[in-house]
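The values are calculated or read from the model by the stated rules, or taken from the named source; none is laboratory data. The structure displayed is predicted, hence computed values, not measured ones. Note: ideal-geometry Cβ built from the backbone for every residue, glycine included; neighbour counts use all protein chains shown. What goes into the accessible areas is simple: the full protein's heavy atoms, side chains included, and nothing from ligands, DNA or RNA. Shrake-Rupley method; radii C 1.70, N 1.55, O 1.52, S 1.80 Å.
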Amino acid sequence: VFDGIGITNPTDQLLINGILQIWNLGWALLASFMVDRIGRRVLFLTSAAGMIIFYTLQTAMSGVYQNSAEKYIKDDGTEGLRGGNTGAAHSVIAFIFLFYAAYE
């Protein structure tokens, strides 16, 4: 996913993935305390709706980036993208985080 939005530096990818895991832990703990208060059905329905919405938006913004970026050949001979819509790329990252918040 990150390669597809122009984030090709392994250190940046690792940092985003590490922060995402901490984000997941926080939402999982919050959701586990909410089960008794609002019920499993409500949590399931809001989770399913949130995942559909955020995954759809993530896919749309990824497409916006893909359409605005130019293709180039990397040093290792593979194809890459650069110069795309950075707002779309940043929103893909935000929607990944929101998707996982809804997933928990």
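For segment 47-72, residues that are closer than 13 Å to ALA102 by Cα and either among the hydrophobic types (A, V, I, L, M, F, W, C) or at pLDDT below 95 (or both) total 6. Residues in segment 67-103 that are within 23 Å of LEU14 (Cβ to Cβ), over 12 Å from the mean Cα position of the chain (by Cα) and open to solvent by 70 Å² or more (accessible area, probe 1.4 Å): ASP75, ASP76, GLU79, ARG82, THR86.
Kindly evaluate PHE54 against the criterion of being loosely packed, with under 13 Cβ neighbours inside 10 Å and either aromatic (Phe, Trp, Tyr) or not in a helix (DSSP H, G or I) (or both). Answer is no for this residue.
For segment 57-86, a residue qualifies if it is small (Gly, Ala, Ser) and in a helix (DSSP H, G or I), and the qualifying residues are ALA60, SER62, GLY63, SER68.
Just checking, which of GLY77, GLY50, GLY63 is touching a residue at least 40 places away in the same chain (Cβ under 8 Å) and small (Gly, Ala, Ser)?
Details: GLY77 fails: touching a residue at least 40 places away in the same chain (Cβ under 8 Å); GLY63 fails: touching a residue at least 40 places away in the same chain (Cβ under 8 Å).
Going through GLY77, GLY50, GLY63 in turn, the sole match is GLY50.
Has segment 87-103 got at least one residue that is at pLDDT 95 or above, among the polar types (S, T, N, Q), out of contact with any helix residue (DSSP H, G or I) (no Cβ under 9 Å at 6 or more places or on another chain) and assigned to a helix (DSSP H, G or I)? No - not one qualifying residue is present in segment 87-103.
Of all residues in segment 13-68, those that are in contact with a Gly (Cβ under 7 Å, 6 or more places away or on another chain) and either among the hydrophobic types (A, V, I, L, M, F, W, C) or over 18 Å from ILE93 (Cβ atoms) (or both) total 0.
Which ones in segment 13-26 are open to solvent by less than 90 Å² (accessible area, probe 1.4 Å) and of a type outside the set (S, T, N, Q)? Selection gives ILE16, GLY18, ILE19, LEU20, TRP23, GLY26.
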